[in-house]
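Coordinate-derived values only; no laboratory data. Just so it is clear, the model here is predicted, and its values are computed rather than measured. Heads up, the Cβs are rebuilt from the backbone with ideal geometry, glycines too, and the neighbour counts pull from every protein chain shown.
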Amino acid sequence: MGCFGRVFDFIDINSRPMYRLLLFPLFFLLVVSCQSRKVSRIDPSTQVDLSGRWNDTDSRKVADQIIYDLFDSDLFKTYTKDLGRKPVIIMGLIRNKTSEHIDAENFVKKFEVVIHNSGAADIVESDEFRDKLRVERTQQQDFAATTKNFGKELGADLMLFGEMTSETDTYNNKRVVNYITTVFLTDIETSKRVWYGQNEIKKFVKN
C-alpha cells in the first residue's frame, strides 16, 4: 500500500476517541505529502503565466520590440549614416523600480542577444567582462607564446540603459498591473540622447 499503508499502520483503530480525533489532521497531512509532483519540459518560447507577475516571456517580448523600434527609427538611421559605419553599443543598467523582484541582469542579456543578432550594430562587453579580458591580456604578456596587444579595444559610441516601473490597480480579487520599460540611447562622447523608447505590458489577474 506504500505511503497509505504506513499511515494506516501508524493509526490504531482501537485508539481512544480523543486520540483518533487528534490523529485525523496528521493523517490528512500525510496523505497530502504522498501526492507526487509532475514535472514536464516545455519549449522555452512557450508562454506560461502562473502567478501573473513579470516573467521570462515579458522580458523577451519587451527586448525584441524595443530593439526593433530602435533600429527602425529615423533617429538611429540618421546617426548611423552620419557616423559612416555600424554604431558600437554597450549595455548599461536597466533599473528595476517596480515592487517585484525582477532579474535585471537577465533582462539586460536579452537586449544584448537581440542587438547582436540584428547585425544593425556592434556590441562590446560590459565592465565586468571587459575587466576579465584585460586581466587575461595582461597575463598573456608574461606567459603566452601568442599575445594580444593593448590599445585595440573597440570603443563604444552609444550606451543603452533605462528603467522599469509599474502601476497597479486592485479591487476585491482582481488586479491590473501595467509594466513600463523606458530605454535611453545616449552618445558617450557628447552625452546627447540619440533615442529613447517605451514599451508597456498590461496584465489582468483574477484570483
Ordered by residue, what ³J(HN,Hα) values in Hz, to whole numbers, does region 189-206 give under the Karplus form 6.51 cos²θ - 1.76 cosθ + 1.60, where θ = phi - 60° and Gly and Pro are x? 6, 9, 6, 7, 6, 7, 7, 8, x, 10, 9, 10, 10, 10, 10, 10, 10, 10
Calculated FRET efficiency, Val135 and Lys206, Cβ-Cβ r, R0 41 Å, to nearest 0.05? 0.20
Residue by residue, what Karplus-based ³J(HN,Hα) values in Hz, rounded to whole numbers, does region 121-127 have, using 6.51, -1.76 and 1.60 with θ = phi - 60° and x for Gly and Pro? 8, 8, 10, 10, 5, 6, 4
Expected output is a single nm value to one decimal: the length gained when fully extending between Arg95 and Phe150, i.e. 0.36 nm times separation in residues minus the C-alpha distance. What is it? 16.5 nm
Cross-link list Lys86/Lys132; Lys174/Lys203; Lys97/Lys202; Lys109/Lys152; Lys61/Lys174: which exceed 18 angstrom alpha carbon to alpha carbon? Lys86/Lys132; Lys109/Lys152; Lys61/Lys174
Give me Lys174, Lys38 sorted ascending by neighbouring Cβ count inside 10 Å, so fewest comes first. Lys38, Lys174
Neighbouring Cβ atoms within 10 Å as the yardstick, rank Trp54, Trp195 fewest first. Trp195, Trp54
So, over other residues within a Cβ distance under 14 Å of Glu167, counting Lys, Arg +1 and Asp, Glu -1, the net charge is 0
Quick check for you: which residues of region 183-207 have the amide N under 16 Å from the point 7 Å beyond the Cα of Val124 toward its beta carbon? 186-191
In whole Å, how far is the Cα centre of region 182-205 from that of region 76-102? 7
Cβ crowding within 10 Å averaged over residues, with 60-73, 150-163 ranked highest first: 60-73, 150-163
Provide the packing ranking of 199-207, 102-110, i.e. peptides ordered by the mean count of other C-beta atoms within 10 Å per residue, highest first. 102-110, 199-207
Roughly what % antiparallel, to the nearest 5, for the DSSP beta bridges in region 56-206? 75
Would you mind checking which residues have amide H under 5 Å from Ile123's amide H? H placed 1.01 Å from N; only 5 or more apart, or other chain. Ile89
Among 183-194, 87-98, the order from most to least packed when residues are scored by Cβ within 10 Å on average: 87-98, 183-194
Given points 7 Å out from each Cα along the Cα-Cβ axis, report the Val113 to Asn55 separation in nanometres with one decimal. 1.6
